[in-house]
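Below is one structure, written out as structure tokens; the observations come after it.
The values are calculated or read from the model by the stated rules, or taken from the named source; none is laboratory data. Please read all numbers here as calculations on a predicted model, not as lab measurements. Note that we place each Cβ from the backbone using ideal geometry, even for glycine, and neighbour counts take in every protein chain shown.
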Amino acid sequence: MLPIHPTDTTPLFHSLFEEKKLEVAILRLDQIHCEISGNKFFKLKYNLEEAKKQGKPAVLTFGGAYSNHIYATASAAREAGLASIGIIRGDGMDSNNPTLIHAREQEMRLHFVSREDYRKKNSKAYIDQLLSQFGDVYLIPEGGTNALAIKGTADILQKKHQDYTHICTSIGTGGTFAGLAKSLLTHQNLLGFSSLKGEFMRAEIRNLLHESGITSKGKWEVLSQYHFGGYAKWTDELIDFIHWFWSEFRIPLDPIYTGKMAYAFFDLVRKNHFPESARILLIHTGGLQGNAGFTKRTGIQLPTP
Ligand SMILES: *Cc1c(COP(=O)(O)O)cnc(C)c1O
């Protein structure tokens, strides 16, 4: 098992929370490990154990050129003594891309594929082709979500978090949300903020919970209006918010996931979404490795840890 650096919740203080009579804290999963950060740590841990149990020499997975999942898998596989192969959407090695540089440094073998090929990542024929090319590898899907990933993300909430009434997290594939839903207690509410554009996420989460045999004891909802234009899209308002959050709390956020989640949370507070005396826990799912690449692409500085 990967070593875990347990993180306590950090209380957040703000006049707005006082005014609305809310207690707010954040769970800094971004600090759980220096390279295998955030929710990816939980999504990977049982998968890597399983890969070793099956005697596989390597793990193979998929991601975009700035993917948090690729970055984390490269480090986690190496730490577990496994080789790793990354199927990367894109034209080839970009020596200015900090995510890919890191993956290379972890000895991840990078295999670049076109957008068309990348789209086939879940098709049986394409996967068979990859297996014949790369040998007997342990396959982890894009974003890392599978049954063992959900088993892992169900470990995020622990007994010491039982007094929180509301848990807020961001959603990409929903694997983190599903694990949180699984460990939710009857008095708890889970709010997931989709980083993707579209109303489909609620149904997708419902399917994922159903397929995974999860009936949550608590209540859950998916909010789809805080995508800022779609996955990896952003606006000046979002960037300003990330800087504002840093100046208030000295906690860095990323513009793909945690920035959108925290923005949404503040918006809901202002709109009185939370009842008086609610005890709210924000999950900082990590993703900060991506900030360096964001700055390279856009020239926009972001707070970094
Ligand atoms: C991958 C990721 C997510 C999305 O997690 P899912 O389990 O795919 O929903 C959220 N936040 C960060 C920082 C991530 O890297």
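Please verify whether Ala181 is surrounded by 13 or more Cβ atoms within 10 Å (Cβ to Cβ) and either in a helix (DSSP H, G or I) or out of contact with any Gly (no Cβ under 9 Å at 6 or more places or on another chain) (or both), treating the condition exactly as stated. So Ala181 fits the description; yes. Here Glu204 clears all of (1) touching a residue at least 40 places away in the same chain (Cβ under 8 Å); (2) over 16 Å from the mean Cα position of the chain (by Cα); (3) within 16 Å of the ligand (Cβ to nearest atom) except the condition numbered (1). The condition (being assigned to a loop (DSSP other than H, G, I, E, B) and either in contact (Cβ under 8 Å) with a residue 12 or more places away in the chain or surrounded by fewer than 24 Cβ atoms within 10 Å (Cβ to Cβ) (or both)) is satisfied by just one residue among Ile70, Ile36: Ile36. Taking the condition within 12 Å of the chain's Cα centre (by Cα), in a loop (DSSP other than H, G, I, E, B), within 16 Å of the ligand (Cβ to nearest atom) and under 17 Å from Gly286 (Cα atoms), does Thr169 pass? It is false that Thr169 is within 12 Å of the chain's Cα centre (by Cα), in a loop (DSSP other than H, G, I, E, B), within 16 Å of the ligand (Cβ to nearest atom) and under 17 Å from Gly286 (Cα atoms). Restricting attention to the stretch 106-139, report how many residues are outside any loop (DSSP other than H, G, I, E, B) and surrounded by 12 or more Cβ atoms within 10 Å (Cβ to Cβ). Residues flagged as outside any loop (DSSP other than H, G, I, E, B) and surrounded by 12 or more Cβ atoms within 10 Å (Cβ to Cβ) within the stretch 106-139 amount to 17. In the stretch 151-166, which residue that is assigned to a helix (DSSP H, G or I) and in contact with a helix residue (DSSP H, G or I) (Cβ under 7 Å, 6 or more places away or on another chain) is farthest from the ligand (Cβ to nearest atom)? Per the criteria, the residue is Lys151.
Pick from Ser170, Ser194, Ser216, Ser224: which is out of contact with any His (no Cβ under 8 Å at 6 or more places or on another chain) and surrounded by 21 or more Cβ atoms within 10 Å (Cβ to Cβ)?
Ser170
Only one of these conditions is not met by Ile70: (1) in the same structural domain as Asp136 (by TED's automatic domain parsing); (2) in contact with a His (Cβ under 6 Å, 6 or more places away or on another chain). Which number is it? Unmet for Ile70, out of (1) in the same structural domain as Asp136 (by TED's automatic domain parsing); (2) in contact with a His (Cβ under 6 Å, 6 or more places away or on another chain): (2). Checking each residue in the stretch 62-78 for being within 11 Å of the ligand (Cβ to nearest atom) and either hydrophobic (A, V, I, L, M, F, W, C) or at pLDDT below 95 (or both) picks out Ile70, Ala72. Looking only at residues in the stretch 239-264 that are under 10 Å from His227 (Cα atoms) and in a helix (DSSP H, G or I), the one that is farthest from the ligand (Cβ to nearest atom) is Ala264. Only a single item in (1) within 23 Å of Phe41 (Cα to Cα); (2) away from the ligand (no atom under 16 Å from the Cβ) is not met by Asn96, and it is number (1). Residue check: Leu27 meets all listed conditions (1) part of a strand (DSSP E or B); (2) farther than 21 Å from Ala178 by Cβ; (3) touching a residue at least 60 places away in the same chain (Cβ under 8 Å) but one, namely (2).
Scanning the stretch 184-201 for residues that are within 13 Å of the chain's Cα centre (by Cα) and not in a loop (DSSP other than H, G, I, E, B) turns up Gly192, Phe193, Ser194.
For the stretch 209-219, check the following and say yes or no: at least one residue is farther than 28 Å from Glu18 by Cβ, hydroxyl-bearing (Ser, Thr, Tyr) and more than 16 Å from the ligand (Cβ to nearest atom). Yes: one or more hits.
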